[in-house]
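The structure under discussion appears below in the form of structure tokens.
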Amino acid sequence: MSEPQDCLFCKIIAGEIPSTKVYEDDTTYAFKDINPKAKVHVLIVPRRHYANVAELAKADPAELAHIAEVAQSIADKEFHGAYRLIFNTGLDAGQTVFHVHAHVLTGEKLDE
Ligand code: 5GP
Ligand code: ZN
């Protein structure tokens with residue numbers, strides 16, 4: 001389950017692929033999305049590998065709550081606490097990387 005060799009985000013967490021770090025702690029890593037969809041677009045990932053948010057919620061709900069707290073703290077700094085938090089789940093919902101990640105969109109007023 002942890003650190004599959006072909007997982008892009010495991011490689012980013014391990015520092016094998018460069019990324020622009022926004023936040024890190026013992027369990028969690030946050031970095032800028034390479035193709036931003038808002039002025040500030042950050043991806044927050046657990047260091048441990050789970051395929052999607054449902055797996056994470058089941059295995060480690062405290063980590064899921066922590067990811068929400070990290071999102072809030074990024075948005076507090078970037079845009080008075082306003083943000084959008086998205087977990088694309090499944091191919092048909094646009095998930096392309098199967099290491100769970102929260103998209104945090106903030107830094108500007110977002111389209112409705
Ligand atoms: P998904 O489509 O799975 O919800 O989101 C994957 C996200 O990862 C996309 O927004 C994409 O731009 C981002 N991404 C893909 N490859 C890289 C990369 O090598 N570095 C960074 N920082 N982001 C990436
Ligand atoms: Zn992974």
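Okay, here's what the table says:
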read-out: Looking only at the stretch 39-55, and only at residues there that are among the β-branched types (Val, Ile, Thr) and within 16 Å of ligand 2 (Cβ to nearest atom), the one that is farthest from His99 (Cα to Cα); value: Ile44
read-out: Any hit, the stretch 86-103, residues being in a strand (DSSP E or B) and within 15 Å of ligand 2 (Cβ to nearest atom); value: yes
read-out: Boolean, Ser2 is hydroxyl-bearing (Ser, Thr, Tyr), at pLDDT below 95 and surrounded by fewer than 18 Cβ atoms within 10 Å (Cβ to Cβ); value: yes
read-out: Close pairs from the stretch 5-31: first farther than 13 Å from Pro46 by Cα, partner charged (D, E, K, R), Cβ under 7 Å, at least 6 apart; value: Ile17/Lys11; Thr20/Lys32; Val22/Lys32
read-out: In the stretch 5-34, the residues that are surrounded by 17 or more Cβ atoms within 10 Å (Cβ to Cβ) and either among the small types (Gly, Ala, Ser) or at positive phi (or both); value: Ser19, Ala30
read-out: Any chance Ala68 is more than 16 Å from ligand 2 (Cβ to nearest atom), of a type in the set (A, V, I, L, M) and under 17 Å from Asp25 (Cα atoms); value: yes
read-out: Filtered residues of the stretch 72-112 (kept if closer than 21 Å to Cys10 by Cβ, among the hydrophobic types (A, V, I, L, M, F, W, C) and either more than 14 Å from ligand 1 (Cβ to nearest atom) or without any contact (Cβ under 8 Å) to a residue 12 or more places away in the chain (or both)); value: Leu91
read-out: Test result for Glu112, at pLDDT below 95, more than 16 Å from ligand 2 (Cβ to nearest atom) and out of contact with any Lys or Arg (no Cβ under 8 Å at 6 or more places or on another chain); value: yes
read-out: Where Lys37 falls short, out of the listed (1) of a type outside the set (A, V, I, L, M, F, W, C); (2) within 13 Å of ligand 1 (Cβ to nearest atom); (3) surrounded by 15 or more Cβ atoms within 10 Å (Cβ to Cβ); value: (3)
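Let's see how each residue does on (1) more than 16 Å from Gly107 (Cα to Cα); (2) more than 9 Å from ligand 2 (Cβ to nearest atom):
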| site | (1), (2) |
| --- | --- |
| Phe9 | yes, no |
| Ile13 | yes, no |
| Asp25 | yes, yes |
| Ala30 | no, yes |
| Lys37 | no, yes |
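The values are calculated or read from the model by the stated rules, or taken from the named source; none is laboratory data. Source: prediction; values computed, not measured. Glycine also receives a Cβ, built like all others from the backbone with ideal geometry; neighbour counts cover every protein chain displayed.
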